[in-house]
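Down below is the structure, laid out as structure tokens.
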Amino acid sequence: MQSRSLQALAHYRRIVVKIGSALLVDRQSGLRTQWLQSLAADIAALAKAGTQVLVVSSGAIALGRTLLSFPCRHLRLEESQACASVGQIELARAYADHLGAYDLHAGQILLTLADTEERRRYLNARATVETLLECGAVPVINENDTVATSEIRYGDNDRLAARVATMTGADLLVLLSDVDGLYTAPPHLDETAQFLPVVGAITPEIEAMAGGAASEISRGGMKTKLDAGKIATAAGTAMIITSGKRLHPLKAIDAGGRATFFCAAGKPVSAWKSWISGHLKPAGCLRVDAGAAAALLAGKSLLPAGVTAVEGTFARGDTVAVLDKDSVEIARGLASYNAPEAARIAGCQSAELAGLLGHEARAAMIHRNDMVVRRMVGRKRP
């Protein structure tokens, strides 16, 4: 059927898989080891086929409260942080062990809200994820619940997973949950609720179908999943919501298991690139030669060798304009170096950078993922 062909995971180059707490942790017995083992097998199969997989995993607080024997009640902030501290270690060990059985390395990344909202920290987090993927490792990402202080919530790992998906340019976001997709109403409350296999766009009518979180150890709900869907699909990332209760949950998607597929926007709007292009005044500018200008128009990153001059005072992560030899702005992006460092390495080959700077250097002055190229003739700048 149509939704099954849309869901085939082999179609996607990079997938973010979000795992809910209720799937990983049993309130009485702790970690669901057999389930995690089956998930690791699915990830290994995708990796063998050439698909990169990132995991956004809930479960640290839920596992920690079981290990520390906290009663079934709302936890105070400091109790949640203590549970996260204990649970995160156990969770990381479990992922490392189960992925390691398939010769895959797990790389733990703990994020706070600021890591995805502040430009420099965003760049560092993304660079770390990209490096792990290049090395063939599986990034396992969670909110850093041991230090989060705003009700210890991102607010939830559904939206965190969507941010990670857009940050890393993933093709697909899979939300594994305790529900098997979207219904016209919460099915446990309305017997007449109809299942929706495909959602073309998340409209106000679709949002009205959402319910709340289903259990004490689950912090999300359908509303947060639809919020995640709006973030992901607007940026060109498709999304699937499906039940993760069964073993081999990713394999089950390929087998045609029940799931709701959310189509990516036909003309995706990159909020990140729109922000770079139109909402920030450049802190400086980089003048480039004809060869670099042609490379940018072809979709390449800006390398130091093509930079002829550096102007202005800017820090790493600030927005800078890129000017051609006629002083026409041809691109705008986020600088990988501050102004003094950029001036020091302008016109130099990549092999020279570390020696000039005295530390390991990034290859690009502006990475293509952090740049908006103006393909039309721009306005001359002084």
Put Glu311, Glu352, Glu329 in order of accessible area, largest first, probe 1.4 Å, and you get Glu352, Glu311, Glu329
In terms of the alpha carbon gyration tensor, root eigenvalues a ≥ b ≥ c, rounded if a/c is under 1.5 and otherwise prolate when a/b exceeds b/c or oblate, the chain is prolate
Quick tally, 1.4 Å probe accessible area for Glu130, Glu191, sorted with the most first, runs Glu191, Glu130
Carbon and sulfur atoms account, in whole percent of the 1.4 Å probe accessible area of region 9-268, for 52 percent
Length-normalised contact order of region 273-373, Cα under 8 Å, at least 6 apart, in percent, tallies to 33 percent
The Rg/Rh figure for region 273-373, Cα atoms and Kirkwood Rh, to two decimals is 0.93
Taking a probe of 1.4 Å and leaving out DNA, RNA and ligands, the chain shows per residue an accessible area in Å² of 46 Å²
Measure of exposure for Arg287: accessible area at 1.4 Å probe, Å² rounded to 10, is 40 Å²
Sorted list, accessible surface of protein heavy atoms, 1.4 Å probe, largest first, for Thr260, Thr313 is Thr313, Thr260
Rounded to 0.05, the calculated FRET efficiency for the beta carbons of Glu207 and Asp289 at R₀ = 45 Å is 0.35
With -39,500 (n - 2.57) per DSSP H segment of 4 or more residues and division by the full residue count of the chain, the 222 nm estimate, nearest 500 deg cm²/dmol, is -10500 deg cm²/dmol
The FRET efficiency for Ser29 and Thr313, from their Cβ-Cβ distance with R0 = 45 Å and rounded to 0.05, is 0.20
Dividing the mean separation of Cα pairs under 8 Å (6+ apart) by the residue count of the chain yields a relative contact order in percent of 15 percent
Answer in debye to the nearest 20: the dipole magnitude of the chain about its Cα centre, from +1 Lys/Arg and -1 Asp/Glu charges placed on Cβ, is 880 debye
Region 9-268: antiparallel bridges as % of DSSP beta bridges, rounded to 5, reads 25 percent
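The values are calculated or read from the model by the stated rules, or taken from the named source; none is laboratory data. None of the values given here were measured: they were computed from a predicted structure. Cβ sites come from the backbone with ideal geometry, for glycine too, and all protein chains shown count toward neighbours. Heavy atoms of the whole protein, side chains included, go into the accessibility calculation; ligands, DNA and RNA do not. Shrake-Rupley method; radii C 1.70, N 1.55, O 1.52, S 1.80 Å.
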